[in-house]
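A short write-up of the structure that comes next.
The values are calculated or read from the model by the stated rules, or taken from the named source; none is laboratory data. What you are looking at is a predicted structure, and each value in this text was computed from that prediction instead of being measured. Counting neighbours? That spans all protein chains shown, and the Cβs are built from the backbone with ideal geometry, glycine included.
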Amino acid sequence: LRDYCKRQNFDIVEEYKDIISGKTDKRTNLDRMLNDMRRGKFEAVVVYKLDRIGRSLQHLLNLFEEFKNSKIDFISMTQNFNTTTAEGRLMLRMMMLLAEYERELIVARTKDRLDYLKKQIKKKGFAVTKEGKKITSLGRPPGSKDKKRRRRSGYINRWIKKSSP
């Protein structure tokens, strides 16, 4: 993206990177970018690909309405969008639909694969992953529970007490 911006003679005002999935509407740096946009900090948003900013059609439509109202151009490096023309906006909406469809396919495929593995485990006592590993149960490995669950259960307090001299 930096090279692309340099070739286009764009000045990079700020970089906003979120590690969480594009399916999530509430993302720290996305929210920060929107706040900066409302303050007039920049004139355009440049992304590598549309689905990097969002995958839900409604979320994308809301974002682009905000961009339009704030007179912010949207540029996708790999998908040539010109949001200043009717044709460009039409193409953008079609790509939004495809991004949402792609997300739904990913969810469905993941669910189907997990259902298949569960049936194999129940039937044979194990399943074989695509990598060739035998597994006997699904879920997270021991000790990999998410931080919120650990916090709620008092895990961090127990850890601090145990590790204190």
| message | Conditions first: (1) part of a helix (DSSP H, G or I); (2) modelled with pLDDT under 85. Q120 passes all but one, so which condition is the exception? | response | (2)
| task | Taking R103 as the residue in question, decide whether it is in contact (Cβ under 8 Å) with a residue 40 or more places away in the chain, over 22 Å from L1 (Cα atoms) and of a type outside the set (A, V, I, L, M). | result | yes
| For G88, which of the numbered conditions (1) under 15 Å from C5 (Cα atoms); (2) over 18 Å from the mean Cα position of the chain (by Cα) fails to hold? | (1)
| Whichever residue in region 51-71 is crowded, with 16+ Cβ neighbours inside 10 Å and not in a helix (DSSP H, G or I) and, among such residues, is modelled with the highest pLDDT | I53
| Restricted to region 72-98, and to residues that are in contact (Cβ under 8 Å) with a residue 12 or more places away in the chain and assigned to a loop (DSSP other than H, G, I, E, B), which residue is nearest to V47 (Cα to Cα)? | M77
